[in-house]
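Structure, as structure tokens:
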Amino acid sequence: MSLTELSSVLWRTRELLELLLFKLEEEQLLLASGRSRWLAHATREVELVLDQIRQVEVLRATHAQAAALELGLDAYASLGQLADTAPMPWSEMLHQHRKAFLTLTAEISGLAETNRELITVGQRAVRETMLAVAGSVETYGPQGQTVPGARRAHLVDEAI
């Protein structure tokens, strides 16, 4: 039965999304603590989980299409449409999967955004430190040669 196979793939997807959430939280802890030594490993682990999610997504799409056709729906019906049409107990289970996916994706989006902000802040701090030490930061020009970065105004807190 297609709904059984679909449910199995949805459980696997949920497990992977929870693992992604965990890996993003690990990455965030490293970023927030300033311990960049393991950051490359953490980022690589996030990429590995994302790759596994992509692979499972292909299976999910295949099983969802089969379940949709079995229920008399369009082949590209949403999970919500499948849940609304499926008989009990499948309907309840699919609704629970959908609710879990919405929650997990919101949490993942929030963590990813926070991580991007932490990376940007760290990059800015390194750039400002280099400006203070060397007077400029070299960047790359249009032809690939190194050129000094643009000078910027600095604010100095004299109270320190």
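The values are calculated or read from the model by the stated rules, or taken from the named source; none is laboratory data. Everything numeric in this text was worked out from a predicted model, so none of it was measured. Cβ coordinates were reconstructed from backbone atoms using ideal geometry, including for glycine residues, and neighbour counts include every protein chain displayed.
Couple of notes before you dig in:
- Scanning the range 72-92 for residues that are over 17 Å from Ser8 (Cβ atoms) and of a type in the set (A, V, I, L, M) turns up Leu73, Ala75, Ala77, Met88.
- Every residue from the range 31-41 that is part of a helix (DSSP H, G or I) and surrounded by fewer than 19 Cβ atoms within 10 Å (Cβ to Cβ): Ala32, Ser33, Ser36, Arg37, Trp38, Leu39, Ala40, His41
- Top-ranked residue of the range 54-101 - restricted to ones that are more than 28 Å from the chain's Cα centre (by Cα) and of a type in the set (Asp, Glu), ranked as nearest to Leu17 (Cα to Cα): Asp84
- Only one of Val49, Val9 that is more than 16 Å from the chain's Cα centre (by Cα), part of a helix (DSSP H, G or I) and modelled with pLDDT of 95 or more: Val9
- Complete set of residues in the range 1-16 that are within 12 Å of Trp90 (Cβ to Cβ) and hydrophobic (A, V, I, L, M, F, W, C): Met1, Leu3, Leu6, Leu10
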